[in-house]
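Right, one structure below, let's go through it.
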Amino acid sequence: MRARLTITAIAGAVLIPSVALAAAGGGEPAGTWRALIFYVINFGLFVGILWKYAIPAMRNFFRQRAVTIRETLAKADRAFREAEELANRAAERTAKLEAEKNQIASDLADETVFQIGRVYDLAQEAAARIKRDSEMSIVALRESGTRRVREALAQAAGRLAFELVARNFVADDQARLVAGFVAKLHQEARR
């Protein structure tokens with residue numbers, strides 16, 4: 001409000017002498033003392049009005065502007081320091097996260113090596129067990145096969161002997177067998 005009043009006063013002081021001169025119709029010839037005194041008084045009034053109203057308003061404006069600029073600079077400086085602090089914290093967190101990531105990667109690599117070694121050991125044990133079981137199975141199958149072959153041979157030999165005896169056995173053979181058996185019994189009884 002005061003600034004408008006000041007601007008109006010300045011504009012009035014500048015325009016009033018030109019209106020007064022225009023209304024007079026250029027009455028006196030140029031270069032008279034009266035015109036000079038009028039201009040000096042007009043200039044003095046102009047300077048007085050400026051001194052009374054415009055200069056204090058300008059001082060207040062520039063003081064206010066300086067205060068506003070200082071406050072804005074202080075806010076900007078605080079915001080800058082806060083931003084730097086946040087950036088430093090973010091950089092620290094990023095470094096911590098990078099270190100943690102590297103630690104996790106190292107732990108995972110160590111765990112992977114351990115698990116691979118364990119799987120390798122288990123595979124070696126399983127292979128040894130399979131080999132041992134295979135050898136035992138082979139031995140058992142060989143023994144089983146041998147028994148079956150012996151049984152088959154014994155059955156074949158028994159059938160063959162039965163067929164031979166049945167074909168070639170006569171009554172004299174029976175008497176001779178019984179006599180041989182009785183003789184063996186007598187020998188055993190004498191002992």
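The values are calculated or read from the model by the stated rules, or taken from the named source; none is laboratory data. Everything quoted here is computed from the prediction, not taken from an experiment. Virtual Cβ from ideal backbone geometry, glycine too; neighbours counted across all protein chains shown.
Only one residue in A95, A154, A140 is in a helix (DSSP H, G or I) and modelled with pLDDT of 90 or more. Which one? Talk me through it step by step, then tell me what you get.
Numbers: A154 fails: modelled with pLDDT of 90 or more; A140 fails: modelled with pLDDT of 90 or more.
Among A95, A154, A140, only A95 is in a helix (DSSP H, G or I) and modelled with pLDDT of 90 or more.
Looking at the range 30-76, which of its residues are surrounded by 13 or more Cβ atoms within 10 Å (Cβ to Cβ) and acidic (D, E)?
Of everything in the range 30-76, nothing turns out to be surrounded by 13 or more Cβ atoms within 10 Å (Cβ to Cβ) and acidic (D, E).
Inside the range 134-171, can you point out the residues that are surrounded by 10 or more Cβ atoms within 10 Å (Cβ to Cβ) and small (G, A, S)?
Scanning the range 134-171 gives S134, S137, A140, S144, G145, A152, A154, A156, A157, G158, A161.
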